[in-house]
Every structure is written in C-alpha cells, then in structure tokens.
1. In the range B:145-204, what count of residues is obtained for those that are more than 16 Å from the ligand (Cβ to nearest atom), open to solvent by less than 30 Å² (accessible area, probe 1.4 Å) and closer than 19 Å to B:ALA264 by Cα?
2. I'd like the residue in the range A:1-31 that is open to solvent by 30 Å² or more (accessible area, probe 1.4 Å) and within 14 Å of chain B (Cβ to nearest Cβ) and, out of all such residues, is farthest from A:GLU86 (Cα to Cα).
3. Can you tell me how many residues in the range B:56-90 are assigned to a helix (DSSP H, G or I) and near the ligand (Cβ under 8 Å from one of its atoms)?
4. Kindly provide the set of residues from the range B:107-160 that are charged (D, E, K, R) and over 24 Å from B:GLU26 (Cβ atoms), ordered by number.
5. Scan the range B:253-268 residue by residue and report those that are out of contact with any Lys or Arg (no Cβ under 9 Å at 6 or more places or on another chain) and either over 19 Å from A:VAL121 (Cβ atoms) or at pLDDT below 95 (or both).
6. Go through (1) over 24 Å from B:GLN242 (Cβ atoms); (2) open to solvent by less than 30 Å² (accessible area, probe 1.4 Å); (3) of a type outside the set (Lys, Arg); (4) away from every other protein chain (no Cβ under 14 Å) for B:ASP114 and report which single condition fails.
7. Would you be able to say whether some residue in the range B:77-89 is open to solvent by less than 40 Å² (accessible area, probe 1.4 Å) and on the phi > 0 side of the Ramachandran plot?
8. Pairs please, first residue from the range B:250-266 and facing chain A (nearest Cβ under 10 Å) and of a type in the set (D, E, K, R), second anywhere and buried (at least 18 other Cβ atoms within 10 Å of the Cβ) and not in a loop (DSSP other than H, G, I, E, B), Cβ atoms under 7 Å, 6+ apart in sequence or on different chains.
Amino acid sequence: MRYVAVDDCGPAINPMLIEGQIHGGVVHGLGQALYERIHYDESGQLVTGTFVDYCLPSAADVPNIETDRTETPSPTNSLGVKGVGEAGAIACTPAVVNAVIDALRPLGVTFINMPLGSMDVWETIQEAKS
Amino acid sequence: MIPAEFDYVAPETLDEAIRALADGGEDAKLLAGGHSLLPLMKLRLAAPALLVDLRRVPDLAGVRANGDIRIGAMTTHSALVRANAGLASVAAATIADQQVRNRGTIGGSLAHGDPASDLPAVVLAAEGTIVARGPGGEREIAAAEFFRDYLETTLAPDEIITEIRMPGTEGWSFGYEKFNRRREDWAMVAVCALVRIESGACADARIGLTHMGSTPLRATAAEAALRGQPLEAGAIAAAAEQAAEGTSPPADLNASADYKRHLARVLCRRALERAAG
Ligand SMILES: Cc1cc2nc3c(=O)[nH]c(=O)nc-3n(C[C@H](O)[C@H](O)[C@H](O)COP(=O)(O)OP(=O)(O)OC[C@H]3O[C@@H](n4cnc5c(N)ncnc54)[C@H](O)[C@@H]3O)c2cc1C
C-alpha cells in the first residue's frame, strides 16, 4: 500500500509543521474511511462507547505517507499562505473508499457504505457474486 | 473509571499467597499483570475486596524448554516472545501492544478464560496442562478440561496457577494466523496449527481456534481430514474447508457468525500452509 499526499498551502513557512499536519489529517481520514462508527443497539445502548470499541487507527495501522507540495500563493493575504490543517483528512477518506470501490469494480460494485470494516467489504463481495 | 475500594497484599511466598487468597474468601482475587482484571474493576464489572498480588512470589516467571516446555504463570507475554519457544512465543508476539505485553502474563490470560485471547487456544491445541496449587495441594489440569465457558474455567477460586506445561515440539512445525481490525486488537478469529510430518505426509495435526465459541476450540474435523494426507495445497485447502465445522461463533458488531466461519477457513489454510513450509 502506498499513500501519496500532494498539497498546496501557499509558501511553506514551517515545512515540518506542514508535514505533521498532513500526516495527522491522513490518519484521521483513514479512521473515518475504515474504522470510526457510532453504533446503538436495539435498546438504545451505545455499544461503541470506549476506544476499545470506537476504533481509531494507531501508528501500527498506518502506511508510510509520502508528502509533496506545490506552492501557489494566495492573493488574499500579504503572506500568501493558506490553511493546511484539514487537507490530509479531506482528501484521504474519499481516496481510500474510491480505491476499494475501484478494486471491486470487476464485480460490478459501485457503492459501499463507510466505515469499510473487513466484514462490510466481504459482505459486499458476497452479494455482488450472488 | 475509578474502581471500588479494595485492600491489597503482596505476599513473599507462594504458601502465603495461597493463605491470603483462602482467608479472603469469595471477595479475594489474584492480581498478575492486571491488564484484564483492572479494566473490569474500573468499569465496576468486578469489585474484589482484596487483591493478592503475585509479583513478589519467587520462581513463578520463566520459560524452560528442554524436552517439554514449562512456562511459569507470571511469565509476561514479552518474556515469552523473547524465550523463542515456538508457537506460544509467536502467538504471544501478536498480543496487543508492547505495553500490554510487558505486563500481561500467561497465567492471567488462561485464568481469565477469554476465548478471544491468543494463548488459551495455543495451550489447548498443544495439548498442554495447567499446574495449579491450592490449600489442598497441587494438581495438573489438562487444557481440554480447563476452559468451561466464557470467562469461566475449572480452576477453583482458592487455586493459583503456577506453571503451564506443553509437550516438546520436536518433529512438529506450526503456523499462527490472527485476523483483527487493527494490528493491536484482540483476534476477530485466530487459528493455530501444529503438524507432524513423516515422509511427506501429515502424521498428526492439532488445530486450535480462537474466538470461535465461548471457549477456545479444536478444529477436530479439519484435523481428521488432514491426518495421513500429503501436506500439499490440495489436501490443506480441503481440510481447511472444515475448520469451522460444528462451531457457533459469537457474533459482534464487527464480525457476524458467518464471517467468522469464513475467517476460520481462510486462516486455517494459511496456518497449515505456513506449517507445511
Ligand atoms: C488494550 C488491551 C489489549 C489486549 N489485547 C489482547 C490480545 O490481543 N490478545 C490477548 O490474548 N490478550 C489481550 N489482552 C489481555 C492481556 O493479555 C492480559 O494481560 C491477559 O489476558 C491477562 O493477564 P494479566 O497478567 O494481565 O492478568 P490479570 O488482569 O492480573 O488477571 C486476570 C485474571 O486472572 C486471574 N489470575 C491472574 N494470575 C493468576 C494465576 N497465576 N492463577 C490464577 N488466577 C490468576 C486474576 O485473578 C484475574 O481474574 C489485552 C489487554 C489490554 C488491556
């Protein structure tokens, strides 16, 4: 698995901070794509109330993240800078979900609900095959 | 998040620990690594009045592998990994993260009786025994007799596990396959396979299943299908198809019973392929 993030936040004032923000955002986006789910059972009990059940990716679950950037200054402020905090998170979730759908396309799959737990993917494959 | 009030003792000998546990009666609990017991206490699902900590009791930790394998009850998962004692060490390396492995012990893992834990099925498949000491003396319990139900074992409340014994593995090869949501989670399903190969054929097979029932299980149908067969892809795949035979795995949010049966079959095939080399 390879993850490449190319972002543009204008002139890079603190490149290390930018990479840190991108890395954190990508991991956040992975969590939304693959793990994070709030689930209530039939009696209205929240069953994902701790971090054992409400699952976030840890360092061991994250692929190597390659970053690169273009620098297009913003015309609306004197430094030419733009936000970077959410960039990784915004791009990552659809990228991961679309990659899964692309992999399943030969089976005729065009949609799959988030988060993509392994069972959800397996069930989608079973349904597509039957 | 805050446990109910409790008393705490850390005896210096095994006899003292046995006495403290007996004197404490029903409300006393042993404390090993605390990584199963303390979370339960913090959630107030357990409220022992007395904790008898085993950490000062000498000679309960350590792995000896000459002929058979003997693992002291207080051996941490990381010490077991470092001991390089075959299947048990490989399985222990998949438990949670380094912090948990540095505290959690094999004795605590077996006594807790969680069918999602890694080591119970390993000890069951290896046909190991659990050595326990209580006021009435010592007894050795076969793993097949030890696990009774979800979080329930046949260990008496006044008994302390001192050692886990497993037969030597010379002539056996093994594979361990665990599937979880995240790298550091409990197993959705795990499969351990031990095979003895004689002139290219499988002379014997022992397959353990984690999280496929309320206790760890043996995949007896797959074992039987493999015995006497050549250990090649076709025979392995055919045997692995029977890995979930007779099981009714507990479903949860992330894995239905059907999905778990599918996982058991796939993981069994992979574990056998690994064992076959
Ligand atoms: C975040 C997290 C993730 C985990 N993931 C995994 C995993 O992936 N796989 C896995 O297998 N485990 C996992 N565990 C459990 C971990 O391995 C525990 O440490 C282990 O199951 C219990 O061992 P312990 O030494 O911590 O026992 P404790 O919590 O101290 O005790 C557990 C129970 O066993 C009893 N007990 C302890 N020692 C003895 C003894 N010698 N004789 C008799 N009774 C005894 C106690 O009274 C108590 O009832 C995880 C734990 C945590 C917190």
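The values are calculated or read from the model by the stated rules, or taken from the named source; none is laboratory data. On a predicted model such as this, the values are computed, not experimentally measured, just so you know. Counting neighbours? That spans all protein chains shown, and the Cβs are built from the backbone with ideal geometry, glycine included. Quick note on the areas: whole protein, heavy atoms, side chains included, nothing else; ligands and nucleic acids left out. Shrake-Rupley method; radii C 1.70, N 1.55, O 1.52, S 1.80 Å.
1. Summing the residues that are more than 16 Å from the ligand (Cβ to nearest atom), open to solvent by less than 30 Å² (accessible area, probe 1.4 Å) and closer than 19 Å to B:ALA264 by Cα in the range B:145-204 gives 4.
2. A:MET1
3. Qualifying residue count, the range B:56-90: 1.
4. B:ASP118, B:GLU127, B:GLU140
5. Residue satisfying the conditions is B:CYS268 alone.
6. (4)
7. Checked the range B:77-89: at least one residue is open to solvent by less than 40 Å² (accessible area, probe 1.4 Å) and on the phi > 0 side of the Ramachandran plot.
8. Close Cβ pairs (under 7 Å, with a partner that is buried (at least 18 other Cβ atoms within 10 Å of the Cβ) and not in a loop (DSSP other than H, G, I, E, B)) amount to B:LYS260/B:VAL189.
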